[in-house]
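Colleague: Have a look at the structure that comes next, please.
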Amino acid sequence: MRILLTNSPFQYYMTTAFFHPDWGALNLAQLAAMVRDQHEVVLVDNWHSLVRQESVVSTVKSLRPDVIGISNSTAGDTNRVLSLVEDIRRVNR
């Protein structure tokens with residue numbers, strides 16, 4: 001089974017109480033490590049401003065994964081995650 005895992009496309013918001021850790025999605029790396037012996041796992045970093053959604057969609061097109069997992073870091077990212085899901089659905093039919 002081919003599995004693609006990616007993190008939410010984190011957006012920086014202008015607030016007075018901003019906090020977000022400066023590391024990738026460790027939970028996805030842990031999931032990948034748990035199943036990599038039985039399955040092909042690809043991690044795509046969707047956090048970096050130069051990568052974003054296009055890289056995830058491009059990887060979906062080329063890999064044609066059986067399972068796609070997307071982490072969601074904050075409630076503010078939910079609409080961006082849903083947008084990514086819509087783009088993936090368009091290319092993965």
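The values are calculated or read from the model by the stated rules, or taken from the named source; none is laboratory data. Everything numeric in this text was worked out from a predicted model, so none of it was measured. Here the Cβ positions follow ideal geometry from the backbone for every residue, glycine too, while neighbour counts run over all protein chains shown. SASA here: full protein model, heavy atoms, side chains in, ligands and nucleic acids out. Shrake-Rupley method; radii C 1.70, N 1.55, O 1.52, S 1.80 Å.
Colleague: Being surrounded by 11 or more Cβ atoms within 10 Å (Cβ to Cβ), among the aromatic types (Phe, Trp, Tyr) and either on the phi < 0 side of the Ramachandran plot or modelled with pLDDT of 70 or more (or both): is that true of Trp47 here?
Modeller: Values: surrounded by 11 or more Cβ atoms within 10 Å (Cβ to Cβ): yes; among the aromatic types (Phe, Trp, Tyr): yes; either on the phi < 0 side of the Ramachandran plot or modelled with pLDDT of 70 or more (or both): yes.
Answer is yes for this residue.
Colleague: Applying the selection to the stretch 67-76, what residues are of a type outside the set (Gly, Ala, Ser) and either at pLDDT below 85 or open to solvent by 80 Å² or more (accessible area, probe 1.4 Å) (or both)? Full working, then the answer.
Modeller: Step one: filter the stretch 67-76 for residues of a type outside the set (Gly, Ala, Ser), giving 67-68, 70, 72, 74.
Those that are of a type outside the set (Gly, Ala, Ser) and either at pLDDT below 85 or open to solvent by 80 Å² or more (accessible area, probe 1.4 Å) (or both): Asn72, Thr74.
Colleague: Does Val57 meet the test of being open to solvent by less than 50 Å² (accessible area, probe 1.4 Å), modelled with pLDDT under 90 and in contact with a helix residue (DSSP H, G or I) (Cβ under 6 Å, 6 or more places away or on another chain)?
Modeller: Details: open to solvent by less than 50 Å² (accessible area, probe 1.4 Å): yes; modelled with pLDDT under 90: yes; in contact with a helix residue (DSSP H, G or I) (Cβ under 6 Å, 6 or more places away or on another chain): yes.
So Val57 fits the description; yes.
Colleague: Let me ask you something else. Would you point out which residue out of Arg64, Arg90 is modelled with pLDDT of 85 or more, surrounded by fewer than 16 Cβ atoms within 10 Å (Cβ to Cβ) and closer than 11 Å to Leu4 by Cβ?
Modeller: Numbers: Arg90 fails: closer than 11 Å to Leu4 by Cβ.
Residue meeting the stated conditions: Arg64.
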